[in-house]
Each structure stands twice: as structure tokens, then as C-alpha cells.
Amino acid sequence: MTTGRYPPLALDALREIFNIGAHHAARALGELLQVTVRISVPTLREVDFAEVDALVGGEEPRVGAYLRFQGDLEGSLFFLLSPRDARALARRMTMLLAGSTEVRTDRANGKEGDFTELEWSALAEIGNILAGNFVATLFSFTSLEMRMSVPGLAYDYALAILAEGMLAVGESADEILLGDARLSAGEQEIRGELVFLPHPRSVDVLLAALAVDGK
Amino acid sequence: MVIHVPIAHMAVARPPAKLRTTGLGSCVGVVLYDPWARVAGMAHIMLPQATEGREGPPAKFADTGIPELVRRIEEAGGVRRRLRAKIAGGANMFPQLSNDFFRIGEKNVLAVKAALQELRIPVEAEDVGGTVGRTIEFDPESGKLTVWTIRGEVAVF
């Protein structure tokens with residue numbers, strides 16, 4: 001269901017910006033992990049709150065990195081992974097940091113949501129790098145400045161994580177602009193989802209900066 | 001049959017139907033039920049207060065959602081003075097990022113309780129706060145609220 005706050009032309013412009021931002025973020029992740037990171041064609045659409053559940057798999061367990069941004073543009077960015085893929089990604093990252101080429105499997109029997117402190121900070125850093133590159137791309141296209149929060153991390157229901165971004169826009173909107181890009185990395189097929197939730201009042205700022213008539 | 005209540009929405013049910021809402025983080029799940037008429041309502045509330053002069057789904061806010069939920073339960077045959085409440089949620093999902101605004105879970109719980117108190121509806125059970133999300137299901141037949149977390153914990157209230 002399209003609620004129709006934004007005309008198609010405005011949505012196209014936002015889609016393009018999200019697309020470029022997501023690609024840059026994916027490339028940065030690939031460089032960091034020294035693997036090829038592929039990206040699906042990013043989608044961006046208006047979604048009513050009631051539909052978010054079904055789209056993000058509301059009850060699915062996810063590890064989510066959450067970054068808020070403030071300034072000319074306000075909103076949030078999430079990087080969501082299944083617990084299995086989060087662990088694989090964290091291991092890859094900690095392995096690289098340790099200069100080792102072997103994947104340690106000593107914690108393979110740990111519970112799904114159990115992460116070491118090192119794995120957890122590796123995931124926070126990944127969120128940081130993705131969001132940093134995303135924001136930098138937006139800046140290079142629009143000259144709009146944003147300050148990023150430190151990354152917050154949670155292992156929980158997908159909806160419980162994403163709702164944090166939704167309630168930040170909830171006072172003034174009943175729908176969100178859900179930008180969704182799926183990344184996959186390396187031979188292990190690690191998949192993650194990049195979700196962009198701009199604040200409605202920022203969308204107007206963004207469209208003005210892109211010289212698109214959003215009204 | 002299980003009726004799914006999306007975020008910022010509400011629903012009313014009678015046995016054998018059950019009510020369920022998933023992934024409550026900072027949001028609060030509110031169940032009101034009339035044990036005699038066996039009619040129940042559930043709302044997935046996101047924020048404490050509605051902004052003035054703005055239309056939207058009433059269930060998004062505690063101050064508009066709870067009176068509306070009562071109204072719908074009455075419409076379905078429930079009686080206000082017999083209503084009891086069970087609430088769950090209001091967690092602080094990202095304690096690392098907490099500031100005044102983002103302690104929204106606590107504010108939601110307080111706003112829900114204030115709205116219930118105003119309508120003189122007693123809170124019979126609550127499972128609120130903490131740092132983990134919850135999925136809840138209510139059975140109007142038994143009056144039991146089941147609460148799950150992602151780590152597989154289950155509690156019945």
C-alpha cells in the first residue's frame with residue numbers, strides 16, 4: 001500500500017540516493033573484510049506501520065546495529081543480520097584483526113544470541129563503517145551535514161529493533177520510508193539488510209538539496 | 001484463531017480467538033479484558049502522547065489508544081467497570097544510546113498506567129522494563145497473558 005506522501009519523482013530521487021549510499025557502504029565493508037560484497041538492487045518505498053512487521057520478519061531473531069543521525073538530516077540506519085550470519089561476520093572481522101587466517105570454532109556450540117565482547121565490538125564497528133560511508137555519500141551529493149551516534153547493538157526480534165527508528169518518526173508520520181538493501185559477502189554467503197529510515201521533515205530537506213519538487 | 005495486532009494498531013477478540021503482538025521493544029502491549037463477558041482488546045502502543053492537531057491511528061499513542069480500546073471493547077459487549085489490564089513491554093532496547101528521548105520505554109509504561117488509572121482500570125499483571133523485546137499472546141478464554149523473549153524465555157501472567 002502506498003500512502004502517497006511523496007510523489008513518484010521524489011521517491012525516485014530518494015531511491016537513487018539510497019542506492020548510491022548503500023553501494024558505497026557495501027564497497028567499504030568489502031574493503032574492510034577483504035572479500036567481495038555483493039548488493040541486491042536496493043528498494044525504497046513508503047510503508048505503513050502496519051505492514052512493517054511482515055516486511056522485516058517481525059518475529060525473526062536479528063542482530064541489529066542501530067545508528068541515529070542528526071543535523072541537516074535526521075533519521076536512522078540499521079544493519080540487520082541473522083544471528084548465524086552475525087557470528088560469521090564478526091569472526092571474519094576478529095580474524096582479520098588478529099592477523100589469522102583460520103576461523104576459530106571453539107564457541108560453535110554457544111547459544112544463538114551469545115557473542116563475545118570482541119565479536120560484539122566487531123559488529124558495532126561494521127555498523128559504524130557502513131553508516132559512515134552511507135552518510136559521507138549523502139554529504140557528497142547534497143552537502144547536507146549529519147552527525148552519527150555511536151552504534152547501538154541488540155540481539156532481538158527484528159521489529160523490536162526497528163521500532164526504535166520508527167518511534168523517532170512516529171510523532172509526525174504513520175508510515176516510514178523503508179530503504180532496504182541486502183548485502184552478501186564472500187563465499188560464506190553472509191547476508192545482511194541495510195535499512196534507512198529518514199525523518200519525514202528531513203526528506204523535504206533532502207529533496208530540496210537535490211532540487212526535486214517534493215510537493 | 002490468532003489475531004495479529006500490528007505496531008500502532010489494536011484489535012478486539014472473543015474466545016476461541018486469541019490476540020497476539022510481536023516484537024515489543026520500547027513499545028507497550030496493553031491487554032484489557034472483561035472476564036465475565038469474555039471479551040478482550042489488545043493495543044501495540046508506540047508513544048506516550050498524541051501530537052495535537054494531527055490525525056493518526058489512535059493505538060499509536062497511550063493517551064488516545066487506551067480510551068479507544070475501551071470504547072471498542074464496550075462495543076463488543078464488554079463492561080467498563082469490569083475491565084482489567086495486563087501490560088508488557090517498555091524495554092530500553094539500546095541502553096548504550098540512552099538519553100532522555102530514548103528512554104521512551106519507561107515513558108510509555110508511565111503513560112499507559114496514567115491512562116488506565118484515569119479510567120479506573122486496575123493493572124492485574126505487568127512485565128515491563130529491562131533491555132529485551134517481548135512477544136505476547138492473550139487468551140480471552142483463560143484470561144492468561146503469555147510473554148516470550150527472543151532467548152526462549154516464557155512466562156504466563
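Is there a residue being without any contact (Cβ under 8 Å) to a residue 60 or more places away in the chain, in a loop (DSSP other than H, G, I, E, B), open to solvent by 20 Å² or more (accessible area, probe 1.4 Å) and not acidic (Asp, Glu) anywhere in the stretch B:63-75? No: the stretch B:63-75 contains no residue that is without any contact (Cβ under 8 Å) to a residue 60 or more places away in the chain, in a loop (DSSP other than H, G, I, E, B), open to solvent by 20 Å² or more (accessible area, probe 1.4 Å) and not acidic (Asp, Glu). Count of the stretch B:23-39 residues, restricted to those that are in a strand (DSSP E or B), open to solvent by less than 10 Å² (accessible area, probe 1.4 Å) and closer than 16 Å to B:GLU137 by Cβ, is 7.
Looking only at the stretch B:130-141, which residues are of a type in the set (Gly, Ala, Ser) and either under 12 Å from the mean Cα position of the chain (by Cα) or open to solvent by 20 Å² or more (accessible area, probe 1.4 Å) (or both)? Working first, answer last.
To start, the set of residues in the stretch B:130-141 that are of a type in the set (Gly, Ala, Ser) comprises B:130, B:133.
The one that is of a type in the set (Gly, Ala, Ser) and either under 12 Å from the mean Cα position of the chain (by Cα) or open to solvent by 20 Å² or more (accessible area, probe 1.4 Å) (or both): B:GLY130.
Taking A:GLU189, is it free of Cβ contacts under 8 Å to residues at least 12 places away in the same chain, more than 13 Å from chain B (Cβ to nearest Cβ) and under 22 Å from A:LEU96 (Cα atoms)? Yes: the conditions hold for A:GLU189.
Considering the stretch B:111-144 alone, what residues qualify as being assigned to a strand (DSSP E or B) and either closer than 13 Å to B:VAL28 by Cβ or among the small types (Gly, Ala, Ser) (or both)?
Within the stretch B:111-144, the subset assigned to a strand (DSSP E or B) is B:123-128, B:134-139, B:144.
Scanning the stretch B:111-144 gives B:VAL123, B:ALA125, B:GLU126, B:ASP127, B:VAL128, B:ARG134, B:ILE136.
In the stretch B:5-22, which residue that is touching a Lys or Arg at 6+ places or on another chain (Cβ under 8 Å) and assigned to a strand (DSSP E or B) is nearest to the other protein chains (Cβ to nearest Cβ)? Going through the qualifying residues, I end up with B:MET10. Residues that are surrounded by fewer than 20 Cβ atoms within 10 Å (Cβ to Cβ) and assigned to a strand (DSSP E or B) were ranked within the stretch A:124-177; the one that is nearest to the other protein chains (Cβ to nearest Cβ) is A:MET148. Filtering the stretch A:20-47 to residues that are assigned to a helix (DSSP H, G or I), open to solvent by less than 40 Å² (accessible area, probe 1.4 Å) and not aliphatic (A, V, I, L, M) leaves A:GLY21, A:GLY30.
Across the stretch B:40-57, the number of residues qualifying as in contact with a Gly (Cβ under 9 Å, 6 or more places away or on another chain) and either away from chain A (no Cβ under 11 Å) or open to solvent by less than 10 Å² (accessible area, probe 1.4 Å) (or both) comes to 8.
Matching residues to (1) on the phi < 0 side of the Ramachandran plot; (2) out of contact with any Pro (no Cβ under 7 Å at 6 or more places or on another chain); (3) assigned to a helix (DSSP H, G or I); (4) at pLDDT below 90:
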site: A:VAL63; (1), (2), (3), (4): yes, no, no, no
site: A:PHE69; (1), (2), (3), (4): yes, yes, no, yes
site: A:ARG92; (1), (2), (3), (4): yes, yes, yes, yes
site: A:ASN109; (1), (2), (3), (4): yes, yes, no, yes
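Report yes if B:LYS107 is within 14 Å of chain A (Cβ to nearest Cβ), outside any loop (DSSP other than H, G, I, E, B) and surrounded by fewer than 24 Cβ atoms within 10 Å (Cβ to Cβ), otherwise no. I'd like the intermediate steps shown before the answer.
Numbers: within 14 Å of chain A (Cβ to nearest Cβ): yes; outside any loop (DSSP other than H, G, I, E, B): yes; surrounded by fewer than 24 Cβ atoms within 10 Å (Cβ to Cβ): yes.
For B:LYS107, the condition - within 14 Å of chain A (Cβ to nearest Cβ), outside any loop (DSSP other than H, G, I, E, B) and surrounded by fewer than 24 Cβ atoms within 10 Å (Cβ to Cβ) - is met.
The set of residues from the stretch A:24-48 being among the charged types (D, E, K, R) and in contact (Cβ under 8 Å) with a residue 40 or more places away in the chain comprises A:ARG27, A:ARG38, A:ARG45, A:GLU46, A:ASP48.
The values are calculated or read from the model by the stated rules, or taken from the named source; none is laboratory data. All values reported here derive from a predicted model rather than from experimental measurement. Please note: Cβ atoms are built from the backbone with ideal geometry, for glycine as well, and neighbour counts cover all protein chains shown. Ligands, DNA and RNA are excluded from the accessible area calculation, which covers all protein heavy atoms including side chains. Shrake-Rupley method; radii C 1.70, N 1.55, O 1.52, S 1.80 Å.
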